[in-house]
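Each remark here refers to the structure printed beneath this line.
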């Protein structure tokens, strides 16, 4: 499973998403997504183990 970090134009992490479709939803809601980076497998595992599904799209 892939996870993605979304950043604004200043490079601030604004969300973690489980799918690119989630990223598109953020954009459609007007979130300032300037850059999307796929998380490394080790980072994604930490995200899956420690986060709840609801937190994938939460602000940091």
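The table below lists the values:
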{"item": "Boolean, residue 58 is surrounded by 11 or more Cβ atoms within 10 Å (Cβ to Cβ) and modelled with pLDDT under 85", "result": "yes"}
{"item": "Residue in region 23-34 that is modelled with pLDDT under 65, assigned to a helix (DSSP H, G or I), touching a strand residue (DSSP E or B) at 6+ places or on another chain (Cβ under 7 Å) and surrounded by 13 or more Cβ atoms within 10 Å (Cβ to Cβ) present", "result": "no"}
{"item": "Residue tally, condition in contact (Cβ under 8 Å) with a residue 24 or more places away in the chain and outside any strand (DSSP E or B), over region 1-11", "result": "6"}
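The values are calculated or read from the model by the stated rules, or taken from the named source; none is laboratory data. This is a predicted model, so every value here is computed, not measured. Note: ideal-geometry Cβ built from the backbone for every residue, glycine included; neighbour counts use all protein chains shown.
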